[in-house]
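Reading through the structure tokens given below for one structure.
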Amino acid sequence: MRKVVFVIDGWFMRKRVFALKAFYYDGQSIRDYCRGHLRDNDYLYRIFYYDTEPLDLKGHNPITKEMIDFGKTPVALAQKKLLESIKHTPNFALRLGSTVWRNKAWIIDPDKVKLLLKKEITIDDITDNDVSPYIE
């Protein structure tokens, strides 16, 4: 009998599962997916799941000046729900890194930057959907 360990990069796996629409993404479904890769006489010892807590800060969108509570966005709420389900699923070892908003900076969509540099658009053409916080 072999003891098997899975090591999962949470953000990478989440993007792939969503892109492929492979399965509902929660702790039990991830465990079932891993168990589906076991051979006869294999034993699931542990799933090391690496991810980060969602950003739990507030900031102002530089375009609209609207206050955003990043901890209450749909993405953050889904991440919290996922991490909670993993905490209650057998065989998981959850390892959390830290989420950092670098200097409270914002990033403009690279395609929009190209258009700005070519002078095909002006700064007035940038919308709130064209900027995102610089989160690592």
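Just so it is clear, none of the values below were taken in a lab; they were calculated from the coordinates. Computed from a predicted structure; not experimentally measured. When we count neighbours, we look across all protein chains shown, and the Cβ atoms used for this are built from the backbone with ideal geometry, even at glycine.
Label separation (residue 57 vs residue 123): 2.3 nm, computed from points 7 Å beyond Cα along the C-beta direction.
Evaluate the relative contact order of the range 1-69 (contact order divided by residue number), counting alpha-carbon pairs under 8 angstrom at least 6 apart; express in whole percent.
On the way: 60 pairs, mean separation 29.7, N = 69.
Relative contact order for the range 1-69 comes out at 43 percent.
For residue 63, nonlocal amide neighbours, meaning residues 5 or more places apart or on other chains whose placed amide H falls under 5 Å from its own, do not occur. The relative contact order of the chain comes to 25 percent, based on Cα pairs under 8 Å that sit 6 or more residues apart.
The eigenvalues of the Cα gyration tensor, multiplied by 5 and square-rooted, give the chain an equivalent ellipsoid with semi-axes of 38, 17, 12 Å from largest to smallest. Taking the number of Cβ atoms within 10 Å of each Cβ as an exposure proxy, the fewest-first ranking of 98, 85 is 98, 85. If I model the range 37-100 as equal point scatterers sitting on the Cα atoms and use the Debye formula, what is log10 I(q)/I(0) at q = 0.12, 0.13 Å⁻¹? So the normalised log intensities are -0.45, -0.51. When the helices of the chain are scored as -39500 (n - 2.57) per DSSP H run of n ≥ 4 and the total is divided over every residue, the value at 222 nm lands at -9000 deg cm²/dmol.
Taking the alpha-carbon distance from residue 21 and a cut-off under 26 Å, which lysines remain once sequence neighbours fewer than 8 residues away in the same chain are dropped? Of all the lysines, those that pass the test against residue 21 - Cα under 26 Å, at least 8 places apart if same chain - are 72, 80, 81, 87.
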